[in-house]
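Worksheet: one structure, shown below.
Just so it is clear, none of the values below were taken in a lab; they were calculated from the coordinates. If you're wondering where the values come from, they're calculated on a predicted model, not measured in any experiment. No Cβ is skipped: glycine too gets one built from the backbone with ideal geometry, and neighbour counts run over all protein chains shown.
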Amino acid sequence: MDTAVASYNGWSNRETWLASLWLNNDEGSYALLLEAGRQGDEPFDRADWLERQLREQLDDESGDASFWSDLLSTAFSRINWVEVVDNNKD
């Protein structure tokens, strides 16, 4: 990871750090992260697959449009999924 552009605990932003943290601390989410590592040959393909899976969960859980769902969706959109996948290859 290029630390020159990192801005939160060595990650590009807080949202990306949190995504990686939670994906590594929950058994079901970790399984999804491992599955993402098997999707496609390129980091972008794996990241896109993971983002789509989690976006679907977000849409299912966030319910109707609201202040909170908009904030959550905005934070979700800031996650650098390629960075998450690249830093969790092992």
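Just one of the listed residues (Asp59, Asp48, Asp86) is surrounded by 17 or more Cβ atoms within 10 Å (Cβ to Cβ) and either in contact with a strand residue (DSSP E or B) (Cβ under 7 Å, 6 or more places away or on another chain) or within 21 Å of Ala36 (Cβ to Cβ) (or both), namely Asp48. The set of residues in the stretch 68-87 that are within 15 Å of Asp48 (Cβ to Cβ) and not aliphatic (A, V, I, L, M) comprises Phe76, Ser77, Asn80, Trp81, Glu83, Asp86.
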